[in-house]
Amino acid sequence: MSTEQHATRRREDYRVPEYLVEEIRLTFQLYAESTVVTADTVYAVNQQSTDCTGRLQLSGENMELVEVRLDGRRLEADEFEVSAMDLILVPGKDRFELQVVTRIDPVANTALEGLYCSNGNYCTQCEPEGFRRITYFPDRPDVLARFTTRIEGDRQTCPVLLSNGNLIESGELGNGRHYAVWQDPFPKPCYLFALVAGRLVAIDDTFTTRSGRDIALRIFVEARNRDLCDHAMRSLKKAMQWDEDVYGLEYDLDVFMIVAVDDFNMGAMENKGLNIFNSRCVLASPQSATDQDFLGIEGVVAHEYFHNWTGNRVTCRDWFQLSLKEGLTVFRDQEFSSDMNSRAVQRIDDVQLIRNFQFREDSGPMAHPVRPDAYVEINNFYTVTVYNKGAEVIRMMHTLLGAADFRKGMDLYFARHDGQAVTCDDFVAAMADASGVDLGQFKRWYSQAGTPVVKVSGQWLAEKRRYVLRLRQSCPATPGQDGKEPFHIPIAVGLLDSRGRDMLNGDRDGTRVLELREREQSFSFPDIGEKPVLSFLRGFSAPVKVELDQSREELAFLLAHDTDLFNRWYAASKLSEIVVMETVARLQANAQPVLDSDFVAAVRANLQRPASDKALLALALQLPAETYLAQQMDTVDPVNLHRGREFVRSQLSSLLADEFRRIYDDNNEEGEYRITPEAMGRRSLKNVALAYLMARVPTDEEIYALCCGQYAEAGNMTDAIAALSCVTRIEGRRRQEILHHFYTRWQADPLVLDKWFTLQAVSPLADTLAEVTRLLANPSFSMKNPNKVRALIGAFCSGNHYRFHDVSGAGYAFLTDRIIELNATNPQIAARMLSPLTVWKRYDPVRQDLIRRQLERILAVDNLSGDVYEIARKSLQ
Ligand code: PHE
Ligand code: ZN
């Protein structure tokens, strides 16, 4: 496959559009396999543009062009050029109306971009470049237009017809057909356009804004899901309230709609006034959704709602600026969730995502800055770097400015840019201007890829009663970026005395924020009368790796005493990391592993301490994931890594059996199901204890019965899945029986079946790949449904490090076969599945060779999509 077919786009090549759109009127005549779209668009020359080619170039893909009219006159075939990707004509006027008629096939659309069908209902997905699969248009985010949308469809199969904005007209057409016209008063880029048509029911509610406007809230789902929307609706109202309270931001249309569909490439989409969601991010009941699902739904509903201001009212100039809306909106949804639930738990979850996935991306062939400089396929840049590291960058500004000035910066950002398409630089400028803080150096966080490393050494000078902290920062090279300039890094620290009390009187309860700007810098703390224990990078104040030699005693002390709850967890996780990696090293040296008795004592002490926050205790008890630990090895050794981690788990299980049992019993009381932070914390602690109890080798029969009992009697999905997940790790007849029971019970619920597929895919048992392969043929599985692909194939390849990396190479071949299959139907999902293969250079020569051969096999495929090409190609470079 030649590179010319997969052109690279560069940020530096940005030019303002030559033509702007004043208005677009769309008419959809919906038919399953042949929908006709008529677009009447008023164009005018952009006065800002200096390119005067006179050519109007409109993007368009995968459609049939029926006709083109310029100011009413039908153009002859020689008056325009049409190719597989665009339509070009020379209008010869500064202002004109173009009518473009296209024909599309929603049923055949398996890529799920543009207009497609999901369970017989029509829906659209236009971000980032899906609108060009609906009509020929300047499909770029800096062309904002007023949209009016007329939808004509069959009354029987499509009683509901929706688009952005307000319904201005509807009626009958005869022939069993009807129509609706929607008008969106806010100019928007076409990526925010949406249409939904189908047989759906609405759940209604209202929200009164602080200025007294009543907003109609409507969630549309298939009738079978009618009772599963309460949590999403509650979450929406909380999000609307929060955005008013924290940012003074009110909703701007009279109606806010959410539609849930089963087939969706991502989590959800913030189309103006008509958010379209993956049903996984809307539907929940205690019986069918876990606590994590409830939290996830609350977060995603809020995220999409928050986009109305950060994304829609102020949007991106070009897709290189994606983090302008995504990093900021993720930061906003994380803060919202922290305010609604446990702040410390939320922070730990967010940091785990960064450490487990973003750091890995940042150290591999796909590493890119938060604001990328180049891409082949923009779909490949909806990444943990743009989203989650982007959110950390916003969080650091929040830390450097303080909450009050950050809010001033947000106000200024909206005052300056409401209704515009802008850049990350514009955002930072608003923050800097509103606060007076110089963010010049800070902006390197947008342009330099890679995870900075901060080397720390602390020294207490007894005679001077002074503590000196010496910091050194560096950042490894990433593709295309060899040398890096130093970052401006906010580092929150505390010093604890021997009784665990904070010694610094910083602005934030004993925490001081240091600003590291140089490659090497020292910070001095006067009046430190005893040797302190350093609590470094509190709250994970920057997305960096820390190199700090702390003894196990110090870590155990921090675990017991740190006033920063995040750092307590961090100490626990660091301690277990050290112990697991030590075990792995012994296994690699063919030595008998032994579990450090001080570690066991620290865990025991942790278990015996009255748990003020059960969720935090549960998190502290969990050993770091294999995917995280793998990053700590020079050459990843999947087998010994798994064995080492399992050894630690089973040892803790037998040495602390009584403690775990007591914790289990103390927290097993399940009254009426509630999703308060306390109740969720209690359930997670109980289920962590259960997992440890079940990790004993050989299995304790009484515990096994206890676990099966929990599964059988569980009144909620959290407890049922926790028990089932323990059982699926142990071979035997009962495993098959329980899995079968679960399948039969939930056969009609695709979201619950996703969990069933995943549990089997992540099992460490030897025949997991064979089982996964068999499950591909299960009638409930479908390669056309992204949730199913992720639940089974994604879970095995990204969530089962040990079995996926089997040295036979069977896992690699299996994934490659699936990627090749998906490349033809859904390139976006195919490309996402590639990620576990991209980091092949971190493995031993045998595995390296096996993976490289699969990547080469992928690159040899005919008609390879740009999505898959880009990632496979970069991986091999
Ligand atoms: N913009 C969506 C969000 O983050 C994500 C998305 C991207 C959805 C592309 C679909 C396609 O909220
Ligand atoms: Zn988003």
Legend entry - Selection count where residues are within 16 Å of ligand 2 (Cβ to nearest atom) and either crowded, with 21+ Cβ neighbours inside 10 Å or modelled with pLDDT under 95 (or both), scope the stretch 359-379: 3
Legend entry - Residue under evaluation Val101, criteria (1) of a type outside the set (Asp, Glu); (2) part of a loop (DSSP other than H, G, I, E, B); (3) crowded, with 16+ Cβ neighbours inside 10 Å, criterion not met: (2)
Legend entry - helices (runs of 4 or more DSSP H) contained entirely in the stretch 775-817, each with at least 1 residues that are at pLDDT 95 or above and within 27 Å of Ser118 (Cα to Cα): 786-789, 795-799
Legend entry - Number of the exception - Arg234 against (1) within 15 Å of ligand 2 (Cβ to nearest atom); (2) within 26 Å of Gly198 (Cβ to Cβ); (3) part of a helix (DSSP H, G or I): (1)
Legend entry - So Glu129, is it modelled with pLDDT of 95 or more, in contact with a Lys or Arg (Cβ under 9 Å, 6 or more places away or on another chain), surrounded by fewer than 22 Cβ atoms within 10 Å (Cβ to Cβ) and closer than 22 Å to Ala830 by Cβ: yes
Inset, instruction - Kindly check whether there is at least one residue in the stretch 315-332 that is surrounded by fewer than 24 Cβ atoms within 10 Å (Cβ to Cβ), out of contact with any His (no Cβ under 9 Å at 6 or more places or on another chain), under 28 Å from Arg683 (Cβ atoms) and at pLDDT 95 or above. - result: no
Legend entry - Checklist (1) among the small types (Gly, Ala, Ser); (2) part of a loop (DSSP other than H, G, I, E, B); (3) over 18 Å from Arg395 (Cα atoms) applied to Ala449, failing item: (3)
Inset, instruction - Quick one: which residue in Leu295, Leu322 is under 18 Å from the mean Cα position of the chain (by Cα), among the hydrophobic types (A, V, I, L, M, F, W, C), over 14 Å from Asn275 (Cα atoms) and within 13 Å of ligand 1 (Cβ to nearest atom)? - result: Leu322
Legend entry - Residues located in the stretch 393-411, provided they are within 14 Å of Thr310 (Cα to Cα) and surrounded by fewer than 18 Cβ atoms within 10 Å (Cβ to Cβ): Arg407, Asp411
Inset, instruction - Report yes if Gln448 is under 24 Å from Gln334 (Cβ atoms) and in contact with a strand residue (DSSP E or B) (Cβ under 7 Å, 6 or more places away or on another chain), otherwise no. - result: yes
Inset, instruction - Please enumerate the residues belonging to the stretch 706-740 that are surrounded by fewer than 17 Cβ atoms within 10 Å (Cβ to Cβ) and within 21 Å of Pro764 (Cα to Cα). - result: Glu731, Gly732, Arg733, Arg734, Gln736, Glu737, His740
Inset, instruction - Determine which single condition Val454 fails, assuming it passes every other condition in (1) under 30 Å from Ile528 (Cα atoms); (2) among the β-branched types (Val, Ile, Thr); (3) in a helix (DSSP H, G or I). - result: (3)
Inset, instruction - At least 3 residues that are modelled with pLDDT of 95 or more and more than 27 Å from the chain's Cα centre (by Cα) in each: list the helices (runs of 4 or more DSSP H) lying fully within the stretch 658-764 that qualify. - result: 677-693, 701-713, 733-746
Legend entry - Residues (under 22 Å from the mean Cα position of the chain (by Cα) and free of Cβ contacts under 8 Å to residues at least 60 places away in the same chain) located in the stretch 800-814: Asn800
Inset, instruction - Enumerate the pairs (first residue in the stretch 71-86 and in contact (Cβ under 8 Å) with a residue 12 or more places away in the chain and under 23 Å from Asp139 (Cα atoms); second residue anywhere and polar (S, T, N, Q) and part of a loop (DSSP other than H, G, I, E, B)) with beta-carbon separation below 6 Å, excluding pairs fewer than 6 apart on the same chain, so at least 6 apart or on different chains. - result: none
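One line per residue, one yes/no per condition, for (1) out of contact with any Gly (no Cβ under 8 Å at 6 or more places or on another chain); (2) of a type in the set (A, V, I, L, M, F, W, C):
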| residue | (1), (2) |
| --- | --- |
| Glu244 | yes, no |
| Met257 | no, yes |
| Ala260 | yes, yes |
| Ala284 | yes, yes |
| Asp291 | yes, no |
Legend entry - Residues that are part of a helix (DSSP H, G or I) and in contact (Cβ under 8 Å) with a residue 60 or more places away in the chain, drawn from the stretch 583-609: Thr583, Val584, Leu587
Legend entry - Checklist (1) assigned to a helix (DSSP H, G or I); (2) within 16 Å of ligand 2 (Cβ to nearest atom); (3) of a type in the set (D, E, K, R) applied to Glu127, failing item: (1)
Legend entry - Only one of Leu173, Leu112, Leu161, Leu167 that is under 22 Å from Ala32 (Cα atoms), surrounded by fewer than 18 Cβ atoms within 10 Å (Cβ to Cβ) and either outside the structural domain of Ser34 (by the TED database) or not polar (S, T, N, Q) (or both): Leu173
Legend entry - Selection from the stretch 663-673 of residues that are free of Cβ contacts under 8 Å to residues at least 60 places away in the same chain and either loosely packed, with under 14 Cβ neighbours inside 10 Å or touching a Gly at 6+ places or on another chain (Cβ under 7 Å) (or both): Asp665, Glu669, Glu670, Gly671, Glu672
Inset, instruction - Working only within the stretch 299-331, note down all residues that are assigned to a loop (DSSP other than H, G, I, E, B), within 11 Å of ligand 2 (Cβ to nearest atom) and either within 25 Å of Arg347 (Cβ to Cβ) or in contact with a strand residue (DSSP E or B) (Cβ under 6 Å, 6 or more places away or on another chain) (or both). - result: His307, Gly311
Inset, instruction - Please enumerate the residues belonging to the stretch 105-124 that are away from ligand 1 (no atom under 16 Å from the Cβ) and not in a strand (DSSP E or B). - result: Asp105, Pro106, Val107, Ala108, Asn119, Gly120
Inset, instruction - Sort through Ser288, Ser235 and tell me the only one that's within 16 Å of ligand 1 (Cβ to nearest atom), of a type in the set (Ser, Thr, Tyr) and touching a residue at least 60 places away in the same chain (Cβ under 8 Å). - result: Ser235
Inset, instruction - Output yes when any residue across the stretch 255-263 is within 12 Å of ligand 2 (Cβ to nearest atom) and at negative phi, and no when none is. - result: no
Legend entry - Restricting the stretch 525-576 to residues that are basic (Lys, Arg) and crowded, with 23+ Cβ neighbours inside 10 Å, the residue that is farthest from Ala630 (Cα to Cα): Arg538
Inset, instruction - Please work out if Ser338 is away from ligand 1 (no atom under 12 Å from the Cβ), without any contact (Cβ under 8 Å) to a residue 60 or more places away in the chain, over 20 Å from Arg395 (Cα atoms) and surrounded by fewer than 20 Cβ atoms within 10 Å (Cβ to Cβ). - result: no
Inset, instruction - Could you tell me whether the stretch 273-295 includes any residue that is closer than 27 Å to Val428 by Cβ and outside any loop (DSSP other than H, G, I, E, B)? - result: no
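The values are calculated or read from the model by the stated rules, or taken from the named source; none is laboratory data. Note that this is a predicted model, so its numbers are computed, not measured. Counting neighbours? That spans all protein chains shown, and the Cβs are built from the backbone with ideal geometry, glycine included.
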